[in-house]
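This report refers to the structure that appears directly beneath it.
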Amino acid sequence: MTARGKIIIISAPSGCGKSTIINEIIKNPDLRLEFSISATTREPRRGETNGVNYYFMSVDEFKKAIADDMLIEYEEVYPGRFYGTPRSEIDRIRNRGRNIILDIDVMGGINVKNKFGNEALSIFIKPPSIDALRQRLNDRGTDSPEAIAQRVEKAGFEISQSGKFDKIVINDRLDVAIRETEDLIKSFINS
Ligand code: 5GP
């Protein structure tokens, strides 16, 4: 019998390389990971597809999903923009005999860990320092100086929550952070 699929939660402040790390580890066939597709009320970005990157919803549809108890957690990650994890994703991926990877914000990560306990491993990806994070956001060039200041301020709060995660990975060198994350997942799913 195959073991019941486990839940891997990855959270990080914006600009810490979380998406890059997830996109790499998901390719490792030994980890048998499948990405949980979240629901969101934000607009699709260029190149994003409904049902692949997110389930894009109106605010009314999202409210209905909450009322119908279809989300295991949800957060207003940015003002007016809601994100949530559909219960059906956990079942869909488990039925395929695979482990579930959740890319969710820090508060959502803490909530899912509290809900699933030992069935879940929560990993916090941390920047080497706040200054390094500010530098990365500047180099990325996608945000205005005001937006960068906001993200940096939020990051300070998020980092203060990192002790609530099972494990912390510092993303100083990307290749090292990817290997560390893979090793943590490997030992968790084999335990
Ligand atoms: P983005 O809009 O850049 O795709 O995502 C913004 C933030 O929302 C990211 O930190 C991402 O991890 C988070 N997020 C995505 N899906 C969920 C979800 O289902 N629940 C929560 N709480 N956060 C999510």
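Starting from the range 30-52, take each residue that is crowded, with 17+ Cβ neighbours inside 10 Å and list its partners that are among the aliphatic types (A, V, I, L, M) and in a loop (DSSP other than H, G, I, E, B), counting only C-beta distances under 6 angstrom and pairs at least six apart or across chains.
So the pair list comes out as L33/I26; A39/M57; T41/M57.
Test S14 against the stated conditions and say whether it is in contact (Cβ under 8 Å) with a residue 12 or more places away in the chain and away from the ligand (no atom under 14 Å from the Cβ).
Working: in contact (Cβ under 8 Å) with a residue 12 or more places away in the chain: yes; away from the ligand (no atom under 14 Å from the Cβ): no.
Taking the combined requirement at face value, the residue does not satisfy it.
Output yes when any residue across the range 27-41 is under 26 Å from R134 (Cβ atoms) and within 13 Å of the ligand (Cβ to nearest atom), and no when none is. Spell out the reasoning first.
If we filter the range 27-41 for residues that are under 26 Å from R134 (Cβ atoms), which is where we start, we get none.
Within the range 27-41, not a single residue is under 26 Å from R134 (Cβ atoms) and within 13 Å of the ligand (Cβ to nearest atom).
Out of the range 67-112, which residues are in a helix (DSSP H, G or I), within 12 Å of the ligand (Cβ to nearest atom), farther than 21 Å from S162 by Cα and of a type in the set (A, V, I, L, M)?
Passing the criteria: only I90.
Read-outs throughout are calculated quantities, based only on the coordinates presented, and are distinct from any laboratory measurement. Just so we're clear, the structure is a prediction, and the values are computed from it rather than from any experiment. Backbone-built Cβ (ideal geometry, glycine too); neighbour counts: all protein chains shown.
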